[in-house]
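Data first, discussion second: the structure below is written as structure tokens.
The values are calculated or read from the model by the stated rules, or taken from the named source; none is laboratory data. Computed from a prediction, not measured in an experiment: that's the story for all the values here. Neighbour counts run over all protein chains shown; Cβ positions are idealised from the backbone, glycine included.
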Amino acid sequence: MSYKQVILCRIDLKMSKGKLAAQVSHASLHAALEADKKILDSWLKEGATKVVLKVKDEKELIAYKKKVGKLPHSLIMDAGRTFFKEPTRTCLAIGPAKESDVDKITGKLKLL
């Protein structure tokens, strides 16, 4: 069985490459820690597939969060201490989970 994780990133925030990398890393790690151990182990053995996709804004990010159901996920809220002036929702990681389950939710989104 194939497993994957997707990370949805807001493009309206125009984060620097470094800030974006940090936010994606936070989302990926936190969602992975939510996964069932057997799924996590399988995903890691398969190469820990991750795909970074874009959403236009916070409203769209939250709309996808509502579709996640019981899949492991993590919505990242940046603390607002460096790049942003206030706490800001930046990314949503979904999975690791069955590739087909993740694709049902995010399959129409474009790569970042």
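Take the residues in region 15-48 that are hydroxyl-bearing (Ser, Thr, Tyr) and over 12 Å from the mean Cα position of the chain (by Cα); name whichever of them is surrounded by the most Cβ atoms within 10 Å (Cβ to Cβ). Going through the qualifying residues, I end up with Ser42. For Phe83, the conditions (1) more than 10 Å from the chain's Cα centre (by Cα); (2) surrounded by 11 or more Cβ atoms within 10 Å (Cβ to Cβ); (3) at pLDDT 95 or above are fulfilled apart from (3). Is it true that Asp12 is buried (at least 18 other Cβ atoms within 10 Å of the Cβ), of a type in the set (Asp, Glu) and over 24 Å from Ser100 (Cα atoms)? It is false that Asp12 is buried (at least 18 other Cβ atoms within 10 Å of the Cβ), of a type in the set (Asp, Glu) and over 24 Å from Ser100 (Cα atoms).
Taking the conditions (1) in a strand (DSSP E or B); (2) modelled with pLDDT under 95 in turn, Val52 satisfies each one other than (2).
Only one entry of Thr88, Thr49 meets the criterion of being β-branched (Val, Ile, Thr), touching a residue at least 40 places away in the same chain (Cβ under 8 Å) and more than 12 Å from Val6 (Cβ to Cβ), and that entry is Thr88.
For Ala32, are the conditions met, namely being of a type outside the set (Phe, Trp, Tyr) and within 14 Å of Tyr3 (Cα to Cα)? Yes; evaluated as a whole, the condition is true for this residue.
Being closer than 21 Å to Thr82 by Cβ, in a loop (DSSP other than H, G, I, E, B), touching a Ser or Thr at 6+ places or on another chain (Cβ under 9 Å) and among the hydrophobic types (A, V, I, L, M, F, W, C), is that true of even one residue in region 22-42? Taking every residue of region 22-42 in turn, none turns out to be closer than 21 Å to Thr82 by Cβ, in a loop (DSSP other than H, G, I, E, B), touching a Ser or Thr at 6+ places or on another chain (Cβ under 9 Å) and among the hydrophobic types (A, V, I, L, M, F, W, C).
Would you confirm whether any residue within region 79-90 is of a type in the set (S, T, N, Q), out of contact with any strand residue (DSSP E or B) (no Cβ under 9 Å at 6 or more places or on another chain) and in a loop (DSSP other than H, G, I, E, B)?
For region 79-90, residues of a type in the set (S, T, N, Q), out of contact with any strand residue (DSSP E or B) (no Cβ under 9 Å at 6 or more places or on another chain) and in a loop (DSSP other than H, G, I, E, B): present.
Would you confirm, using the coordinates I've provided, whether Lys4 is touching a Gly at 6+ places or on another chain (Cβ under 9 Å) and either surrounded by 14 or more Cβ atoms within 10 Å (Cβ to Cβ) or part of a strand (DSSP E or B) (or both)? Spelling it out, Lys4 is indeed touching a Gly at 6+ places or on another chain (Cβ under 9 Å) and either surrounded by 14 or more Cβ atoms within 10 Å (Cβ to Cβ) or part of a strand (DSSP E or B) (or both). Within region 29-86, the residues that satisfy the criterion of being touching a Phe, Trp or Tyr at 6+ places or on another chain (Cβ under 9 Å) and of a type in the set (Gly, Ala, Ser) are Ala32, Ala35, Ser42, Ala48.
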